[in-house]
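Here is the structure we will look at.
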Amino acid sequence: MTFPKISNSTKVMAVIGDPIHKSLSPIMHNAALKALGLNFEYSFIACKVESRNLKNSLEAIKELGFIGLSVTMPHKQAILKYLNEIDETVEAIGAVNTVINTGGKLIGYNTDWIGFLTPLKKVCNLEGKSVALIGAGGAARAACFALKKCGAKITIFNRTTKNAETLANDFCTNNYKIEAKNLNELQELASNFKIIINSSSLGMQGFNENFPNIAKSLNEDSIVFDMVYRPHNTALIQMTKNAKGTVVHGIEMLLYQGMEQFKLFTRCDAPEEVMRSSLQDKIN
Ligand SMILES: NC(=O)c1ccc[n+]([C@@H]2O[C@H](COP(=O)([O-])OP(=O)(O)OC[C@H]3O[C@@H](n4cnc5c(N)ncnc54)[C@H](OP(=O)(O)O)[C@@H]3O)[C@@H](O)[C@H]2O)c1
């Protein structure tokens with residue numbers, strides 16, 4: 001006879017968002033917990049939380065003693081006002097993707113910027129480099145923070161120019177400027193950038209609009225990072241591969257932001273290869 005090993009002392013973590021049924025966070029975190037023999041000490045679940053229920057859900061999470069949260073769309077910014085503390089990176093980025101519950105006190109962190117920077121730094125040095133950043137939403141905010149930290153020269157291209165300008169202004173200082181342009185200028189200007197990053201929703205599975213065709217501007221020196229991870233080979237990634245450029249897949253960002261979260265949740269180093277293959281199994 002086998003007995004369930006989830007016990008009264010199992011610590012629960014959850015990803016919250018809406019929709020949530022396609023989230024890969026439970027798969028990735030539970031695979032890591034299992035690999036380290038921590039799968040009954042901790043368990044990671046997914047909870048659909050609609051925007052109108054965010055405040056009450058956080059109260060319940062405190063009350064029920066969940067030890068941590070991974071936070072995804074559409075709550076990354078809205079959650080800020082319900083937290084007891086935030087760390088300095090959250091303050092700079094203006095978005096949260098991780099919450100730790102310490103005895104009823106909710107503390108917000110952001111690991112997206114590390115998830116973005118870790119794989120990018122493996123393929124290039126960013127200091128002084130011109131980077132085209134497509135998109136101006138939450139993911140772009142984390143990218144701006146990371147790129148600025150590394151001294152890159154950023155030009156934001158976005159469908160709504162005003163959102164690009166707002167993001168650029170938020171990260172501008174007296175001696176650091178970011179340019180903001182409309183997405184419809186990308187095709188003409190793409191050849192000015194060796195490093196191109198897509199942080200917009202363009203190219204996502206089930207999304208009707210395509211990424212602009214910038215194939216003519218890509219070559220073997222191009223470095224292209226597509227944050228979109230479904231599909232694995234987006235049209236942008238495929239264009240870059242055809243030009244023999246270097247690609248960074250969205251799955252790498254998902255992995256490294258998750259590894260940082262895992263450390264915050266468990267205080268253990270995350271098993272990289274186990275987590276990567278748990279994601280690859282679901283995405284490829
Ligand atoms: N790999 C990872 O770990 C990771 C992490 C975070 C996000 N992501 C991906 O990054 C993407 C953006 O996420 P987010 O959290 O930043 O979302 P978000 O805050 O909703 O921002 C969406 C961005 O996409 C642009 N956009 C939306 N529809 C568009 C269209 N039809 N044409 C052109 N641009 C359009 C928006 O432009 P407007 O300003 O004009 O609305 C905005 O810049 C998603 O695909 C998400 O899956 C991946």
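The values are calculated or read from the model by the stated rules, or taken from the named source; none is laboratory data. As the structure is a computational prediction, the values presented were derived from the model and not from experiment. Don't worry about glycine lacking a Cβ; one is built from the backbone with ideal geometry, like all the others, and counts go over all protein chains shown. Side chains included, ligands, DNA and RNA excluded: accessible areas come from the protein's heavy atoms. Shrake-Rupley method; radii C 1.70, N 1.55, O 1.52, S 1.80 Å.
How would you order 25-33, 262-270 from highest to lowest mean count of nearby Cβ atoms within 10 Å? Can you show the working numbers first?
Numbers: 25-33: 22.7, 262-270: 17.0.
With the highest mean Cβ count within 10 Å placed first, the list reads 25-33, 262-270.
Please give the calculated 222 nm ellipticity per residue for the chain, where each DSSP H segment of at least 4 residues contributes -39500 (n - 2.57) and the sum is spread over every residue; nearest 500 deg cm²/dmol? Walk me through the intermediate numbers first.
Numbers: 10 runs with 104 residues, N = 284.
One gets -11000 deg cm²/dmol as the mean residue ellipticity at 222 nm.
Which length gain, in nm to one decimal place, applies between Gln238 and Ser7 when the Cα-Cα distance is subtracted from 0.36 nm times their residue separation? Kindly include the intermediate steps, with their values, before the conclusion.
Working: separation 231, 0.36 × 231 = 83.16 nm, distance 4.70 nm.
Additional length available on full extension: 78.5 nm.
Rounding to the nearest 20 debye, state how big the charge dipole of the chain is about its Cα centre with +1 on each Lys and Arg Cβ and -1 on each Asp and Glu Cβ.
Details: 31 positive and 26 negative charges, 33 e Å.
The calculation lands at about 160 debye.
Relative to the longest principal Cα axis of the chain, at what angle does helix 272-283 sit, 0 to 90 degrees, rounded to 10?
With rounding to tens, the tilt is 80 degrees.
Using a Förster distance of 22 Å, how high is the FRET efficiency between Glu88 and Cys172, based on the Cβ-Cβ distance and rounded to 0.05?
On the way: r = 19 Å, r/R0 = 0.85.
Working from the Cβ atoms, E equals 0.75.
Among the listed pairs Lys55/Lys148; Lys149/Lys194; Lys177/Lys282; Lys194/Lys282; Lys55/Lys122, which are separated by more than 28 Å between their Cα atoms?
Working: Lys55/Lys148 33 Å; Lys149/Lys194 19 Å; Lys177/Lys282 40 Å; Lys194/Lys282 31 Å; Lys55/Lys122 39 Å.
Beyond 28 Å between Cα atoms: Lys55/Lys148; Lys177/Lys282; Lys194/Lys282; Lys55/Lys122.
Which of Ile195, Pro231, Leu69 sits closest to the plus end of the dipole of the chain, meaning its Cα is farthest towards the positive end, when Lys and Arg get +1 and Asp and Glu get -1 on the C-beta?
Pro231
For Glu209 and Ala35, what does the FRET efficiency come to when R0 = 45 Å and r is the distance between their Cβ atoms, rounded to the nearest 0.05?
Details: r = 39 Å, r/R0 = 0.86.
FRET efficiency, Glu209 to Ala35: 0.70.
Pick out, from Ile100, Leu133, Leu117, the residue whose Cα sits farthest towards the positive end of the charge dipole of region 65-143, with +1 on the Cβ of Lys and Arg and -1 on the Cβ of Asp and Glu.
Leu133
Looking at the square roots a ≥ b ≥ c of the eigenvalues of the Cα gyration tensor of region 145-284, which shape do they give, rounded for a/c under 1.5, prolate if a/b is larger than b/c, or oblate? Can you show the working numbers first?
Values: a/c = 1.89, a/b = 1.26, b/c = 1.50.
Cα axes put region 145-284 in the oblate bin.
Sort 226-233, 176-183 by the packing proxy (mean of other Cβ within 10 Å over each peptide's residues), most packed first.
On the way: 226-233: 20.8, 176-183: 17.0.
Peptide ranking by packing, descending: 226-233, 176-183.
Charges only on Cβ, +1 for Lys and Arg, -1 for Asp and Glu: so what's the dipole of region 135-284 about the Cα centre, in debye to the nearest 20?
On the way: 17 positive and 15 negative charges, 43 e Å.
For region 135-284, the charge dipole is close to 200 debye.
So in the chain, what percent of DSSP beta bridges are antiparallel if you round to the nearest 5?
Details: 9 of 42 bridges.
Antiparallel bridges: around 20 percent, rounded to the nearest 5.
Quick one: angle between helix 250-266 and the longest Cα principal axis of the chain, in degrees between 0 and 90, rounded to 10, please.
Between helix and principal axis, roughly 30 degrees.
Mind checking region 201-255 for GluC sites (Glu not before Pro) that DSSP puts in a loop (not H, G, I, E or B) and that have at most 11 other Cβ atoms within 10 Å? Mind showing how you got there, number by number?
Numbers: sites: Glu209, Glu220, Glu252; in loops: Glu209, Glu220.
Answer by residue number: Glu209, Glu220.
Compute the acute angle (0 to 90°) between the alpha-carbon long axis of helix 138-149 and the principal axis of greatest extent of the alpha-carbon atoms of the chain; round to the nearest 10°.
Taking the Cα atoms of the chain, the angle to 138-149 is about 70 degrees.
Local charge sum around Gly250 (other residues, Cβ-Cβ under 11 Å, Lys/Arg +1, Asp/Glu -1)? Spell out each step's value before the answer.
Details: positive: Arg230; negative: Asp226, Glu252.
Charge balance near Gly250 sits at -1.
What accessible area per residue comes out for region 195-242, rounded to a whole number of Å², with a 1.4 Å probe? The partial results should precede the final answer.
Working: 2350 Å² over 48 residues.
Using a 1.4 Å probe on heavy atoms only, each residue of region 195-242 averages 49 Å².
Cα to Cα, under 14 Å, and not fewer than 8 places away if on the same chain: which aspartates and glutamates meet these conditions relative to Lys105?
Here the aspartates and glutamates satisfying the reach criterion relative to Lys105 are Glu59, Glu63, Glu85, Asp87.
Under a cut-off of 14 Å between alpha-carbon atoms, report the aspartates and glutamates in cross-link reach of Lys153, not counting same-chain residues fewer than 8 places apart.
Hits, sequence-local ones excluded: Glu127, Glu179.
Place the peptides 96-106, 121-131 in order of packing, highest mean first, counting for every residue the other Cβ atoms within 10 Å and averaging per peptide.
Values: 96-106: 18.8, 121-131: 14.0.
For the peptides 96-106, 121-131, the packing ranking is 96-106, 121-131.
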